[in-house]
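Have a look at the structure below, then the notes.
The values are calculated or read from the model by the stated rules, or taken from the named source; none is laboratory data. Predicted model only: the values in this text are computed from it and were never measured. With ideal geometry, Cβ positions are generated from the backbone for all residues, glycine too; neighbour counts draw on all protein chains shown. Side chains are part of the model used for accessible areas, which takes the heavy atoms of the whole protein and leaves out ligands, DNA and RNA. Shrake-Rupley method; radii C 1.70, N 1.55, O 1.52, S 1.80 Å.
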Amino acid sequence: MADAFFSLFTLILLIPLALIAFLYFIVRPRPVKIPIKNRHVFITGGSSGIGLALAHKAAAEGARVSILARSRNKLEEARNAVRLATGIDVSVFAADVRDYDAVKRAVDEAGPIDVLLLNHGVFVALELEKQELSEVKFTLDVNLMGSFNLIKAALPAMRTRKDPKQPVSIALISSQAGQVGIYGYAAYSASKFGLRGLAEALQQEVIADNIHVSLIFPPDTDTPGFAEENKRKPELTKIIASSSGAMKPEEVAQKAFDGIKSGSFIIPCNLEGVALSLATAGLSPQRSFLMASVEVLAAGILRIVGLCFQWTWYTSIEKWHNQRKGSQRS
């Protein structure tokens, strides 16, 4: 009996150890450390919100910082704010990310980039039936095509940099709405889901050049833009999204740079984001064999959790529509 118990215990112990050893051997790309100090960090959407917090953080860590946005006035305000807080003078570039030629001029003027941080984005929560197609196109053009424009403009110089042994980074700010679709987010989620496909394919294209891609998934963030977005947000969107708390821009910036410096492909920003990242790991790259082990072991449980969330959301939708029908009949 004791021998059988010992054999069972040994088997239970050996299986996870064998899994960890196997994953240590196969995870790709390999771990990397990406320095920020004394390097050029170029941030889009850098005049406010998360982008401005990223600029503050990069400057505080000793980076040379450039920020790009559409409004020259807001850029100057952001430059003054960073200078006042850190004593560092950032470079500013006014351009619309939808305009490739304007973006290329800004990138060329800024000089070779070590960390390209794509934070620009627009967001409107509205049912697709009520949303103008021009607004859908605008969302896709800014959030998705704007990222293509910046990467295409910056990539040649990143590839031919003076020290190819020094790793560089391309980081894209997605959203938790880029991990799971939510009522009212059809256009926004489509644009943010698209960033994942871009990031996964791009990482394969640039890994040989020691360029490392990161995809950051912040939740709702307490920015002026978020307060404005809430004015048009459908009631059902508010109900479904209420389970996720808002973060401060500074918290997102800290999480973003922690992940970028470790070369992480997927960078969640809170506990819910970690769960979503584990549940949606799919075929994404994973540098950490320990996190890969967690992804493998948690996959089944998290699928059950995900189905429970879907049950909650669809129950809320059904209840809301039933209440509307009842009020219309009365």
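Things to note:
- Failed condition for V136, given (1) more than 30 Å from N80 (Cβ to Cβ); (2) buried (at least 20 other Cβ atoms within 10 Å of the Cβ): (2)
- In summary, helices (runs of 4 or more DSSP H) completely within the range 38-148 and bearing 2 or more residues that are farther than 30 Å from K162 by Cβ occur at 49-60, 72-86, 133-140.
- Residue match in the range 134-143 (condition: in contact with a strand residue (DSSP E or B) (Cβ under 8 Å, 6 or more places away or on another chain) and in contact (Cβ under 8 Å) with a residue 40 or more places away in the chain): no
- Where a residue in the range 80-103 is farther than 11 Å from S66 by Cα and of a type in the set (K, R) and its partner, wherever it lies, is outside any strand (DSSP E or B) and modelled with pLDDT of 95 or more, with Cβ under 8 Å and at least six apart: R83/D89; R83/V90; R98/D141; R98/V142; R98/M145; R98/G146; R98/N149
- Scanning the range 64-77 turns up no residue that is in contact with an Asp or Glu (Cβ under 8 Å, 6 or more places away or on another chain), buried (at least 21 other Cβ atoms within 10 Å of the Cβ) and modelled with pLDDT of 95 or more.
- Checked against the criterion of being at pLDDT 95 or above, among the hydroxyl-bearing types (S, T, Y), assigned to a helix (DSSP H, G or I) and out of contact with any His (no Cβ under 8 Å at 6 or more places or on another chain), the range 159-179 contains not a single residue that satisfies it.
- Selection count where residues are more than 12 Å from the chain's Cα centre (by Cα) and farther than 18 Å from N230 by Cβ, scope the range 173-185: 2
- Restricting attention to the range 295-330, the residues that are of a type in the set (G, A, S), surrounded by 10 or more Cβ atoms within 10 Å (Cβ to Cβ) and closer than 29 Å to I20 by Cβ add up to 3.
- Members of the range 112-161 that are more than 30 Å from K33 (Cα to Cα) and either touching a Cys at 6+ places or on another chain (Cβ under 6 Å) or acidic (D, E) (or both): E127, E129, E132, E135, D141
- Output for the range 80-103, where each listed residue is open to solvent by less than 60 Å² (accessible area, probe 1.4 Å) and closer than 24 Å to V168 by Cβ: V82, T86, I88, V90, S91, V92, F93, A95, V97, A102, V103
- Of the residues E229, E251, the single one that is of a type in the set (D, E) and at pLDDT below 95 is E229.
- Checking each residue in the range 262-294 for being farther than 14 Å from Q176 by Cα, open to solvent by 40 Å² or more (accessible area, probe 1.4 Å) and either in contact with a Ser or Thr (Cβ under 7 Å, 6 or more places away or on another chain) or in a helix (DSSP H, G or I) (or both) picks out F289, L290, M291, V294.
- Flag for G178 being without any contact (Cβ under 8 Å) to a residue 40 or more places away in the chain, open to solvent by less than 10 Å² (accessible area, probe 1.4 Å) and among the small types (G, A, S): yes
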